[in-house]
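Report on the following structure.
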Amino acid sequence: MFMLGFLCLLSDKSMIAQTWFLIVCFAFTTLFYQCSPKKETEVKSANENSSREATIHKLSIHHALPNDVKVPADNPRTPEKIELGRLLFYDPVLSGNKDVACATCHHPSNGYAEYRDLSIGVNGRGFGSSREFNKPNDIPFVKRNAQTILNSAFNGMDIYNDYDPENAPMFWDVRSKSLESQSLEPLLAMEEMRGKRFTKEEILAEVTRRLKNIPEYVSLFEEAFINEQEPINTENLAKAMAAFERTLITNNSRFDQYLKGDSEAISLSEKEGFKVFNEAGCGNCHNGAMFSDFKPHVLGVPTNPKLSTFDKGIGEEYGFRTASLRNLRFTAPYMHNGQFNTLKEVLEFYEDIAGGKEKHPEVKKDQYDPLINDLRLLVKDMGPILSFLNSLNDEDFDKKVPHRVPSGLPVGGNLK
Ligand code: HEC
Ligand code: HEC
């Protein structure tokens, strides 16, 4: 038909022939598009059913965490840089009102996370669950739950233990790539560290100006960034903090020991739990050495009533990044909005949504992740899974808190 129209066009250039040609082409294209995708879907769904178990098996791959941490080419690790990063991490001089440090919300005594659903940054005092806003207050809560920094050096690791530190996804909505680019975000965020005295455009210049006026920082930056004309700048500030964060790793949990060959490192019930975990379909998303695929999935976690607006996550499409399941002992309360206090509550939630049973009123049926419909979780599976998750805790990490910071301000911010 196509050839026929084409020949008509060649032999007779009249309008009628041209129109005839276009009609034929249109009919042909429509026919083609109607047939072919139908065939494809049919094939796909047939395959999907028969290979579902194989898919689950393929995705549920787990390894021990490696011993070494990769660093970006332009930020080599040196002891001077790491120690400078540590001091900066604890120094509230980086915040607009000099009242909040990174350690305010990521303290080693809580596994570099925080035991509260939503963080309080600017204009707060106290530590963890007893932290409160000062009065009067016009600063909102930080809208998400503070993640642990432990092992964030491995963010983005795939099921082959491969990852790119220059492109490592950060935050619940993966909006930042690499520890370097992440580490300036809290300084810019009004409710986390910036406050209202400085604008987003002003704050980084203000912070570097302050650091340049502290002689101890001047020499520490010179030692960490040798042969640089102006070592105190925002890029080096970020590099030093990232270098410190890359030392905060736990790669020797009992589960790592087990995978490395010590068959006695985990108990029988933990082994059973690992099996149940993968059979239920948890390992489809919580896979690789970090127990996360670092991809967005829509689960429909209930809203935190403390928030005035509903958090729609990545691209406003209700998805959040799969959380790592390492060190859950420290990451409670759970989920992006800290909505569940215990792991039992998390599992009860999964039991509710497994197989597409219960839905969040805001989220449409077809928006849910298909892997959630594949989830098969029974109440009797919960005990073994809980005991397995426990084998992923590792408390052997750097807990050193400096006894003073170069600004002379309270170490870690207003924690009392
Ligand atoms: C007021 C509390 C607060 C302060 C202060 C704070 N953070 Fe965070 N941090 C959070 C919260 C909340 C999140 C999750 C935010 C999100 O996903 O939107 C987070 C996430 C992170 C992550 C991402 C971890 C991951 O796995 O993706 C890193 C890394 C991090 N913070 C480092 C820092 C550094 C470095 C500083 C200091 C410059 C800092 N934080 C200051 C609360 C805080
Ligand atoms: C479809 C992918 C997917 C499946 C399947 C899945 N999860 Fe998750 N998991 C996620 C995502 C995404 C989050 C973060 C959700 C959020 O905060 O909104 C999460 C969060 C969690 C958390 C909270 C961790 C923290 O520190 O806050 C735990 C615990 C957890 N999942 C355990 C499990 C278990 C156990 C199973 C199996 C019963 C399972 N997950 C199945 C994707 C999945």
* In this structure, does Asn251 turn out to be part of a helix (DSSP H, G or I), surrounded by fewer than 23 Cβ atoms within 10 Å (Cβ to Cβ) and within 16 Å of ligand 1 (Cβ to nearest atom)? -> no
* For segment 347-354, indicate whether the set of residues that are at positive phi, more than 9 Å from ligand 2 (Cβ to nearest atom) and not assigned by TED's automatic domain parsing to the domain that holds Asp173 is non-empty. => no
* To do: Please verify whether segment 192-211 includes one or more residues that are within 8 Å of ligand 1 (Cβ to nearest atom) and assigned by TED's automatic domain parsing to the domain that holds Ser109.
  => yes
* Breaking point among (1) within 21 Å of Ala103 (Cα to Cα); (2) among the polar types (S, T, N, Q); (3) more than 16 Å from ligand 2 (Cβ to nearest atom), for Ser219 -> (1)
* Filter segment 73-114 for residues that are within 16 Å of ligand 2 (Cβ to nearest atom) and in a helix (DSSP H, G or I); which is surrounded by the most Cβ atoms within 10 Å (Cβ to Cβ)? -> Cys105
* Which residue out of Asp311, Asp398 is closer than 30 Å to Gly96 by Cβ, within 10 Å of ligand 2 (Cβ to nearest atom) and either assigned by TED's automatic domain parsing to the domain that holds Gly111 or surrounded by fewer than 20 Cβ atoms within 10 Å (Cβ to Cβ) (or both)? -> Asp311
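Rundown of residues vs (1) touching a helix residue (DSSP H, G or I) at 6+ places or on another chain (Cβ under 6 Å); (2) within 23 Å of Phe255 (Cα to Cα); (3) crowded, with 20+ Cβ neighbours inside 10 Å, yes/no style:
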residue	(1), (2), (3)
Met335	no, yes, yes
Gly338	no, no, yes
Asn341	no, no, no
Lys357	no, no, no
Pro361	no, no, no
Pro370	no, no, no
Leu377	yes, yes, yes
* Selection status of Gly261, of a type outside the set (Lys, Arg) and either within 16 Å of ligand 2 (Cβ to nearest atom) or under 27 Å from the mean Cα position of the chain (by Cα) (or both) -> no
* Asked: Taking Ser176 and the conditions (1) in contact with a helix residue (DSSP H, G or I) (Cβ under 8 Å, 6 or more places away or on another chain); (2) closer than 21 Å to Asn97 by Cβ, which numbered condition does it fall short on, given that it satisfies the others?
  -> (2)
* Just one of Gly300, Gly283 is farther than 24 Å from Ala153 by Cβ and more than 7 Å from ligand 2 (Cβ to nearest atom); which is it? -> Gly300
* Do we find that Phe388 is closer than 22 Å to Gln147 by Cβ, within 9 Å of ligand 2 (Cβ to nearest atom), aromatic (Phe, Trp, Tyr) and in a helix (DSSP H, G or I) in this structure? -> yes
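Sort out which residues of segment 316-346 are aromatic (Phe, Trp, Tyr) and either within 14 Å of ligand 1 (Cβ to nearest atom) or in a loop (DSSP other than H, G, I, E, B) (or both), and write them in order of number.
Once the filter is applied, which keeps residues that are aromatic (Phe, Trp, Tyr) and either within 14 Å of ligand 1 (Cβ to nearest atom) or in a loop (DSSP other than H, G, I, E, B) (or both), segment 316-346 yields Tyr318, Phe320, Phe330, Tyr334.
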* Structure fact -> Scanning segment 132-172 for residues that are within 25 Å of Ile61 (Cβ to Cβ), of a type in the set (D, E, K, R) and either within 16 Å of ligand 2 (Cβ to nearest atom) or touching a helix residue (DSSP H, G or I) at 6+ places or on another chain (Cβ under 6 Å) (or both) gives Asp158
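The values are calculated or read from the model by the stated rules, or taken from the named source; none is laboratory data. Note that this is a predicted model, so its numbers are computed, not measured. Every residue, glycine among them, receives a Cβ derived from its backbone with ideal geometry; neighbour counts consider all protein chains shown.
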